[in-house]
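**Q** One structure is given below, represented as structure tokens, and several questions about it will come after.
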Amino acid sequence: MKYLFLLAVMAVACNTTSQQPAKDITKTDSTALLPRPSAKGILAMYEELPGFDTLNLGTVERDTLGQMTGKYKGRWLDSAYSRMLPVVLTNGIYPNEENDFTGFYACYKFPINERLTGLLTRTPGEYDISVLSLLYYDHDADSVGYAFDLLHDWGDAGDAVSYNTWLIRNQQSVDAWMAVNSIWEEAGDSVYNSNTIYFKADLAARTLDTAYKNKPEWAETFKYLIGEKTYEVPDSTYVNKHTISE
């Protein structure tokens, strides 16, 4: 009798199991296997930067109406392209229309080494899209990453920042040499304070080397390596207020 009872219980269990809907693993697997769009397509938006040994990046220029102009005006990256950029830059915001305060502009591309292509990209700054950032396309990972900013000149109510950046090609990569001058006014002070710090970066490493940024001899090293005889290191203590306001 116990044996017949067990058989009956097993038959009911099997019948109940067979009535459960089968898990649709096909849909799950097919979704997981969908190919991710290649980021390589973004390269077509950038102009080829002519080959160089030493290159001064200059500035991000504006016209009399404050509109971006000159060589870093670039091509606007719409939402399809901006989704390929790192979230650290986009914050998950992908404008569908071009405007003067948000968004990203493709300027120039150049080889860093066999794996990396540098992407000079205009990105949002203090008040508008006035920063020239170094992005890079990683051919092995098929992705776009962010390294650091190369240019960012701005001023407001006595405070100002000005970049002087040079790219110098070495045997295996490209170095960036940067002199960043900051000017600011202390409360109740009759003069502006000024300070210049220096950075060196191997673009293949995608990080800034700040080990010597506050050493006086770094200024002379900067001048020597870029061969810029007319570059004058700003006064590291004070700048006359009238001169700055002109």
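**Q** Return, for the Cα atoms of the stretch 35-179, the radius of gyration and Dmax in Å, separated by a comma.
**A** So, for the stretch 35-179, Rg and Dmax equal 15.1, 52 Å respectively.
**Q** Taking a label point 7 Å from the Cα of Phe148 along the Cα→Cβ vector, which residues of the stretch 118-133 have an amide N closer than 14 Å to it?
**A** 133
**Q** Binning at 10 Å from 0, report for the stretch 49-100 what percent of all alpha-carbon pair distances ends up in each bin.
**A** All Cα pairs, binned at 10 Å, distribute as 19, 34, 37, 9 percent.
**Q** Using a 1.4 Å probe on the protein chains only, how many percent of the accessible area of the stretch 52-172 belongs to carbon and sulfur?
**A** Values: 2720 of 5950 Å².
Ligands and nucleic acids excluded, carbon and sulfur reach 46 percent.
**Q** Another question, then. Per residue, how many Å² of accessible area does the stretch 137-186 show with a 1.4 Å probe?
**A** On the way: 2070 Å² over 50 residues.
Value for the stretch 137-186: 41 Å² per residue.
**Q** With labels modelled as points extended 7 Å from the Cα through the Cβ direction, what inter-label distance (nm, one decimal) is found for Asp53 paired with Arg75?
**A** Roughly 3.1 nm, to one decimal.
The values are calculated or read from the model by the stated rules, or taken from the named source; none is laboratory data. These figures come from a predicted structure and were not determined experimentally. Note that we place each Cβ from the backbone using ideal geometry, even for glycine, and neighbour counts take in every protein chain shown. Only protein heavy atoms, including side chains, enter the accessible area calculation; ligands, DNA and RNA are left aside. Shrake-Rupley method; radii C 1.70, N 1.55, O 1.52, S 1.80 Å.
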